[in-house]
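Coordinate-derived values only; no laboratory data. All of these numbers come straight from a predicted model, not from anything done at the bench. Counting neighbours? That spans all protein chains shown, and the Cβs are built from the backbone with ideal geometry, glycine included.
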Protein chains: 2
Amino acid sequence: MTDRKIRTMEEFAEVSGISRPTVSKYFNDPDSVRKTTRERIEVALEQYHFRPNIFAMNQNRKLTKNIGIVVPYLADPFFAEIARHLEERVIAAGYQPTLYSSHGDPKQEIEILDGLLSLKPAGVLLAPLGRASDRAEIEKFCRDVPTLLFDSNLDGIGQAFVGSDNFSFVTQTVEYLTRTGEPPSFFEMRTPANPNANKRRNAYIATMERLGYEPHVISIDGEGWAFEEIGKRGAMQVLADKSLPTNAVLCSNDRLAIGFLAAAYQSGLRVGHGEGCALRIAGHDDHPWSQFTCPPLTTVSQDYTAIAERSVDLLFGLIEGARTEDRPEILFDGKLVLRSSA
Amino acid sequence: MTDRKIRTMEEFAEVSGISRPTVSKYFNDPDSVRKTTRERIEVALEQYHFRPNIFAMNQNRKLTKNIGIVVPYLADPFFAEIARHLEERVIAAGYQPTLYSSHGDPKQEIEILDGLLSLKPAGVLLAPLGRASDRAEIEKFCRDVPTLLFDSNLDGIGQAFVGSDNFSFVTQTVEYLTRTGEPPSFFEMRTPANPNANKRRNAYIATMERLGYEPHVISIDGEGWAFEEIGKRGAMQVLADKSLPTNAVLCSNDRLAIGFLAAAYQSGLRVGHGEGCALRIAGHDDHPWSQFTCPPLTTVSQDYTAIAERSVDLLFGLIEGARTEDRPEILFDGKLVLRSSA
DNA sequence: CGAAAAACTTTACTCACGTAAAGATAAACC
DNA sequence: GGTTTATCTTTACGTGAGTAAAGTTTTTCG
């Protein structure tokens, strides 16, 4: 590293002995220049450590290397984890991810997309808020930018969707619980932010009916993203009422289940499968924390790596290829993870 | 909203009947133009929904409105939560935050700072990895950009530091545990990524000695950020060995404590304070999940809101004012949160 | 070795806005 | 109402790179 500070590509071209347009070409794609040229540039790079100015780069490019990742709530470890995997793969593909969280607020969601627009992103990976989302605005955005939706589907919006097969998730747990004990009740938020919740409730009802049991849905009140808190409060109520028809509870997601576990503990109920246990509790999603609850939570795991990989691959397909007329929807199967809570 | 698409400030100036330089002034600070002018612009804004191009804006500005927020590991809810608060306050101050996670990797940390440099950020809020960080590179970055360190202190690096008073944290818990039962052992990772851990161990030893007890530090092996996993594995070992001198364990942070709780549960030990309990477990930091563990975790809470507020205020002070010679270090006191685990 | 192809240099224009300076208008003030 | 002052318009240039076109050099290949 030499002391002279290189500020512009002009200066760097000078010290490297290569013309600026060629240097520019190199930075857009190192393989687009002759090997000898590439080496000369790289020698100079070692010496001077220059980086082209991002703003200037993107100003004229039709397409940037920016990929926006938008999740509804980053303090939810599920989204933090999936965002981490997405970032990794985007970087590996030579693009630059930028991560945003809507913080549960539809206005912020649109605000983010609006701001993203001026980043001229090559594509966007969007996990929308769901029910609360401003569909019209998101749709408008998707017309301008190749967008892949994940986690929450908004029918017809975006060029593709990658998510989980809620029906399979729920069927697996209901059948397992029923087979190994009593049929479960279903525990959910009355007005869930996430459309997966509705699909899961419907899958529960359908499966119970198919098995010849009466479905029993417990819908609790609560707004926002403090699911554990909401789940705990709701569960305290349910346990106080003694309104559970059987000893098994299937929660719409793991965070509600964690709340339920806390309520059961506080109520002095032993949770688990076996002698001396009053209650079985299962969840969905295999949240990163679920294996450390007491007792560890039986749930259905999402394959974060696979989802991230498929999402990113699909998006790059959309970016490179022509826009297809059909809108692919990829649903991943979950895997039942048996732990001691059920 | 009219149909004509406004793409540049030039076009927008035209339809709003105001000259471009004045429009430019407006976007930099709406209060810098006459009220009547402001109103005319805003009427046009309602009609045409125009946003100046960020890249072009920032290219010429000496100082942008960008604020970088860098945390070591976003899938840790502690950092997710504090990042959320920081973002909020940065936005409220009229700046645009961009969030990055180093994902526990010192190379990525430097990569992020490097990339950030070309965003010409007005300032950066950085929670460094700690021990693993490349001090020299970070120091170089801090010379160019006003940077406030938070959570982990790197001596002398950055223009200021905001963190927690580890000594006070530990003293509170040690004294409480001792006063209400037996003096605790200290449970930590042998090679913690985070420098707070070392401060906490030292504070534990000092406090125990002051109180006339022999300190007992349990250092467990493990690398990375899967603290619950590491804590659980380490605790299983400790419990199998029966090497605890007393019935109280103080964990360096809540995530280790959550792992310890899981190990205790699996070992059939009842955790809590009172009749029939074999073990008391306490943590530090009041992680968002700590109130939902079984039993709920006794810990010391960090005031996320206050820390975020102070950090952002301090940074803006640094940005606006002249660089001060002294490097302020603000330490926040924690508040002991008594729950049933200890 | 000579011709064709590939890669490079030079030149010049573009992108969308910041910003400075000079002159024109409007507002404020005595 | 005239003067001062604040604000606006016009003009022009700067930012740092993308990119296109024409001309030159290098490489490839028969």
**Nm distances between copies for A:ASP105, ranked from closest, using label points 7 Å along Cα→Cβ** = 3.2
**Complete:** From DSSP H assignment alone, runs of 4+ in the protein assembly as shown each adding -39500 (n - 2.57), the sum over residues rounded to the nearest 500 puts [θ] at 222 nm at -14000 deg cm²/dmol
**Item:** Shape of the protein assembly as shown, Cα gyration tensor, a/c cut at 1.5
**Value:** oblate
**Item:** Distance between modelled label sites at B:ALA93 and A:THR180, nm, 7 Å Cα→Cβ extension
**Value:** 5.2
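Among DSSP bridges having both ends in the protein assembly as shown, what percentage is antiparallel? Round to the nearest 5.
Of all bridge pairs located within the protein assembly as shown, approximately 10 percent are antiparallel.
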**Item:** Computed P(r) (all Cα pairs; the range B:9-52; 5 Å bins; percent)
**Value:** 5, 27, 41, 23, 3
**Prompt:** Other chains near B:51-57: what is the mean number of their Cβ atoms within 10 Å of each residue's Cβ?
**Reply:** 6
**Shielding score for B:74-87, defined as the mean number of other chain Cβ atoms within 10 Å** = 5
**chain B: relative contact order as a whole-number percent, Cα under 8 Å and 6+ apart** = 15
**Asked** Taking K and R as +1 and D and E as -1, what net charge do the other residues with C-beta under 9 Å from the C-beta of B:GLY283 add up to?
**Response** -2
**Request:** In whole Hz, with x marking every Gly and Pro, tabulate ³J(HN,Hα) for the range B:215-230 from phi via Karplus 6.51 cos²θ - 1.76 cosθ + 1.60, θ = phi - 60°.
**Result:** x, 9, 9, 9, 9, 10, 7, x, 10, x, 10, 8, 4, 4, 4, 4
**Förster radius 25 Å - calculated FRET efficiency between B:ARG135 and A:GLU46, Cβ distance, rounded to 0.05** = 0.70
**Prompt:** What are the nm distances, shortest first, from A:LEU331 to its equivalents in the other copies, labels at 7 Å along Cα→Cβ?
**Reply:** 5.6
**Request:** Lys and Arg at +1, Asp and Glu at -1: add these up for the other residues within a Cβ distance under 9 Å of A:GLU188 and post the number.
**Result:** +3
**Asked** Under a plain spin-label model, where a point goes 7 Å from the Cα along Cα-to-Cβ, how far apart in nm are A:ARG327 and B:LEU211?
**Response** 6.1
**Unmatched cysteines, chain A - criterion: no other Cβ of a Cys under 4.7 angstrom** = A:CYS142, A:CYS251, A:CYS277
**Request:** Please work out the Cα center distance from the range A:119-173 to the range B:6-35, rounded to the nearest Å.
**Result:** 35
**Request:** Can you tell me the alpha carbon radius of gyration of the range A:166-301 divided by the globular rule-of-thumb value 2.2 N^0.38 Å?
**Result:** 0.93
**Prompt:** In whole Hz, what ³J(HN,Hα) sequence does the range A:39-52 give by Karplus (6.51, -1.76, 1.60; θ = phi - 60°), x for Gly and Pro?
**Reply:** 5, 4, 5, 5, 4, 5, 4, 4, 6, 10, 6, 9, 10, x
**Fill in**
The answer for B:ARG280, listing residues at least 5 apart or on another chain whose modeled amide H is closer than 5 Å to its amide H, is B:ALA248, B:VAL249, B:GLY272
**Asked** Amide H to amide H, which residues 5 or more places from A:PHE332 or on other chains are under 5 Å from it, using H placed in the peptide plane?
**Response** A:GLY163, A:SER164, A:ASP165
**Message:** In chain A, if the dipole is taken from +1 on Lys/Arg beta carbons and -1 on Asp/Glu beta carbons about the Cα centre, which of A:GLY130, A:SER219, A:PHE55 is farthest to the positive end?
**Reply:** A:PHE55
**Message:** Relative contact order of the range B:166-301, please, whole-number percent, based on alpha carbon pairs below 8 angstrom and at least 6 residues apart.
**Reply:** 23
**Request:** Rounding to the nearest 20 debye, state how big the charge dipole of the range A:1-148 is about its Cα centre with +1 on each Lys and Arg Cβ and -1 on each Asp and Glu Cβ.
**Result:** 580
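Work out, step by step, the length gained on full extension between B:SER118 and B:THR191: first 0.36 nm times the residue separation, then minus their alpha carbon distance; give nm to one decimal.
Net length gain for the segment: 22.9 nm.
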**Message:** Could you compute how fast chain B diffuses translationally, taking Rh as the Kirkwood radius over C-alpha pairs and applying Stokes-Einstein at 37 °C with viscosity 0.692 mPa s? Give it in µm² per second.
**Reply:** 146
**Request:** Could you pull out every residue, at least 5 positions away or on a different chain, whose amide H is within less than 5 Å of the one on B:PHE187? Hs are placed 1.01 Å off N in the peptide plane, and Pro or chain starts have none.
**Result:** B:ILE218, B:LEU250, B:CYS251, B:SER252
**Asked** Mind listing the phi-derived Karplus ³J(HN,Hα) values for the range B:83-92, rounded to whole Hz, using 6.51, -1.76 and 1.60 with θ = phi - 60°, and x for any glycine or proline?
**Response** 5, 4, 5, 5, 3, 3, 6, 5, 4, 4
**Request:** Restricting to chain B, compute how many DSSP beta bridges are antiparallel as a %, nearest 5.
**Result:** 10
**Complete:** For A:SER219, inter-copy label-point distances (7 Å, Cα→Cβ), nm, shortest first, read 5.6
**Request:** Pop a pseudo-label 7 angstrom from the Cα along the beta-carbon direction at both A:SER243 and B:SER32 and give the gap in nm to one decimal.
**Result:** 5.9
**Request:** Can you work out the PRE-style zone for A:GLU111? Point 7 Å along Cα to Cβ, and I want the residues of the range B:89-109 with backbone N under 17 Å.
**Result:** B:89-99
**Message:** What whole-number distance in Å separates the alpha-carbon centres of the range A:299-342 and the range A:241-272?
**Reply:** 29
**Request:** Grab the Cα-Cα distance for A:SER19 and A:ALA278, subtract it from 0.36 nm times how many residues apart they are, and report the gain in nm with one decimal.
**Result:** 85.6 nm
**Prompt:** How much FRET efficiency would the formula 1/(1 + (r/R0)^6) give for A:GLU10 and B:ASN202, where r is the Cβ-Cβ distance and R0 is 41 Å, rounded to 0.05?
**Reply:** 0.20
